[in-house]
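K.L.:
Got a structure for you, written out below as structure tokens; questions coming shortly.
None of the figures in this text is laboratory data; all of them are computed from the coordinates on show. Model, not experiment: these values are computed from the prediction. All Cβ positions, even for glycine, are placed from backbone atoms using ideal geometry, and neighbour counts span all protein chains on display.
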Amino acid sequence: MSVKMSVLRLLSLVFITATTTTTTTEEKTEDTDERKQCKYDISKFKRGDLLEVPRTLFTHFGIYLGKNRVAHLIPDILPAMTSDSNAIAKMVTDLRLVIGVIAKVASVRVDTVEDFAYGAEILVNHMDEVCSRSPFHGDEVGRRAEKLLGSVTYSLLWYNCEHYVMYCRYGTVISFQTYQFCKTVRKIFCSKTASMLTMLLGVFILVYLDAVSLLMLLAIFVVSFTIWMAS
């Protein structure tokens, strides 16, 4: 617990320092709110629609609740730093999001379509073409989304915004982009090339440190062999 608090304090200092350089950007963002509001035609959205937008390195997902409201799970460091509801309610910037991912601090919150989209183009119900399950009725999707509002423990791999919307709309907790990410990582680290490099690097380090022994060579062989068999 103390380690987590120390990490949060450190991240808070980073956030506060960086915030001084992003104030101007946020002010510019507020000045363009009216223009962004013209960008999205919310009349085409129905309660229970699954919305997705590109955000940082991944795609961000949300559930449309109606009346220009979107429920979405989003990492955000600010609730761990302050209880100021007005500050927390403001649009989550990329800085708040990235630090929230690192600190594993997130919440399921309701924002306007403009704040949710963060200026990006919105895709509607694209997952209907990917998921093998049929979506629930719109009201049921909205009810599920609203029921889960509040703070959550975030996990990039095991519980992110896609897991949340997939449960709400289809009744299954899965993330296709996480699957693709893990598949790519597996190709990189669980390959024959990685196995050979691991063995060569291990032997080089032992020779450099003058720590060659039968036990250490056996350990390197076991690790390299395991990677080889997993490739």
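K.L.:
Please give me, ordered by residue number, the chymotrypsin sites (Phe, Trp or Tyr not before Pro) of region 133-205 that lie in loop per DSSP and have at most 11 other Cβ atoms within 10 Å.
P.N.:
Details: sites: Phe136, Tyr154, Trp158, Tyr159, Tyr164, Tyr167, Tyr170, Phe176, Tyr179, Phe181, Phe189, Phe204; in loops: Phe136, Tyr154, Trp158.
Loop-located and lightly packed - Trp158.
K.L.:
Could I have the simple spin-label model distance between Asn86 and Val222, label points 7 Å from Cα toward Cβ, reported in nm to one decimal?
P.N.:
Those two pseudo-labels are separated by 6.1 nm.
K.L.:
Can you list the residues, at least 5 places off or on another chain, whose amide H is less than 5 Å from the amide H of Val152, using H built in the peptide plane?
P.N.:
Amide H neighbours of Val152, under 5 Å, 5+ apart: Ala106, Ser107, Val108.
K.L.:
Going by average Cβ density within 10 Å per residue, which order do the peptides 126-135, 62-71, 192-201 take, highest to lowest?
P.N.:
62-71, 192-201, 126-135
K.L.:
Using Cβ counts within 10 Å as a stand-in for footprinting exposure, how do Val173, Val165 rank, fewest first?
P.N.:
Val173, Val165
K.L.:
At 0.36 nm per residue, and after removing the present C-alpha to C-alpha distance, how many nm does the segment from Val203 to Gln177 gain when stretched out fully?
P.N.:
Extra length from Val203 to Gln177 when fully extended: 5.7 nm.
K.L.:
Just check region 190-230 against the gyration tensor rule for me: Cα atoms, a ≥ b ≥ c as the square roots of the eigenvalues, rounded for a/c under 1.5, and otherwise prolate or oblate depending on whether a/b exceeds b/c. Kindly include the intermediate steps, with their values, before the conclusion.
P.N.:
Values: a/c = 4.65, a/b = 1.80, b/c = 2.59.
Since a/c reaches 1.5 but b/c is at least a/b, the shape of region 190-230 is classed as oblate.
K.L.:
Also, I was wondering about something else. If each residue of separation counts as 0.36 nm, what is the full-extension length gain between Ser213 and Ala120 once their alpha-carbon separation is subtracted?
P.N.:
Working: separation 93, 0.36 × 93 = 33.48 nm, distance 5.71 nm.
Gain in length upon complete extension: 27.8 nm.
K.L.:
When Lys and Arg each count +1 and Asp and Glu each count -1, what net charge do the other residues less than 12 Å away from Phe176, Cβ to Cβ, add up to? Before the final figure, lay out each step's value.
P.N.:
Numbers: positive: Lys183; negative: Glu52, Glu129, Glu162.
Once positives and negatives cancel, what remains is -2.
K.L.:
Residue by residue through region 212-224, which ³J(HN,Hα) values in whole Hz follow from phi under the Karplus form 6.51 cos²θ - 1.76 cosθ + 1.60 (θ = phi - 60°), with glycine and proline marked x?
P.N.:
Karplus values, whole Hz, x for Gly and Pro: 5, 8, 4, 5, 5, 5, 5, 5, 5, 4, 4, 5, 5.
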